[in-house]
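Heads up: the structure comes next, in structure tokens.
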């Protein structure tokens, strides 16, 4: 077999990540259309991931978040996105490079993307317990939080931000479902 000097595998991963980036950019601009919502799994130790020490201790390897009812300040740049979510009623800001995303799933249309994630050795914990290997981006958030549409908490989707991620947090009538449960076996 010939050596792939063009690296089609890397080009394909980059192209698929651009699909996710374009979708999130549109959602940041106009909100979620219809019943669309996203399960996003990312490697918490990947370079550039910025999450609180509390979340890092709870999810040392990977974490799945759901963007559906209760999230705020979704901002998308070329290389990362940031979003506000609440975990066990504690608001958190997460910054996630697209290169750290392992899976993107929209169950409303059964659309799924899977990615390879390279966890570099240069990732390190700073004094606040946040992993940072990429230069910090200046925080240009407005002082006010804009919350997206809310739903009846009794009808909350799994992992919609209120009950944690990956199912380890206390549950409030909702259940977090692993992306593996949606994969064909």
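Within the option set 28, 123, being surrounded by fewer than 20 Cβ atoms within 10 Å (Cβ to Cβ), at pLDDT below 90 and touching a strand residue (DSSP E or B) at 6+ places or on another chain (Cβ under 7 Å) holds for one residue only, 123. Listed conditions (1) over 16 Å from residue 92 (Cβ atoms); (2) touching a residue at least 40 places away in the same chain (Cβ under 8 Å); (3) surrounded by 13 or more Cβ atoms within 10 Å (Cβ to Cβ) are all met by residue 64, apart from (1).
In the set (1) surrounded by 20 or more Cβ atoms within 10 Å (Cβ to Cβ); (2) free of Cβ contacts under 8 Å to residues at least 60 places away in the same chain, residue 3 fails one condition alone, (1).
Suppose the filter is buried (at least 17 other Cβ atoms within 10 Å of the Cβ) and more than 19 Å from residue 20 (Cβ to Cβ); does residue 45 pass it? Taking the combined requirement at face value, the residue satisfies it. Being assigned to a helix (DSSP H, G or I), surrounded by 12 or more Cβ atoms within 10 Å (Cβ to Cβ) and in contact with a helix residue (DSSP H, G or I) (Cβ under 6 Å, 6 or more places away or on another chain) holds for only one residue in 17, 54, and it is 17.
Name the strands (runs of 3 or more DSSP E) wholly inside region 71-120 in which the number of residues that are under 13 Å from the mean Cα position of the chain (by Cα) and farther than 20 Å from residue 52 by Cβ is 3 or more.
101-106
Of all the listed residues (104, 81, 98), the sole one being touching a helix residue (DSSP H, G or I) at 6+ places or on another chain (Cβ under 7 Å), buried (at least 21 other Cβ atoms within 10 Å of the Cβ) and more than 12 Å from residue 41 (Cα to Cα) is 81. Do the conditions hold for residue 40, that is, is it under 20 Å from residue 80 (Cβ atoms) and either more than 13 Å from the chain's Cα centre (by Cα) or at pLDDT below 90 (or both)? No; evaluated as a whole, the condition is false for this residue.
The values are calculated or read from the model by the stated rules, or taken from the named source; none is laboratory data. For clarity, every value in this text was computed on a predicted model and none was experimentally measured. Reconstructed Cβ throughout: ideal geometry from the backbone, glycine too, with neighbour counts over all protein chains shown.
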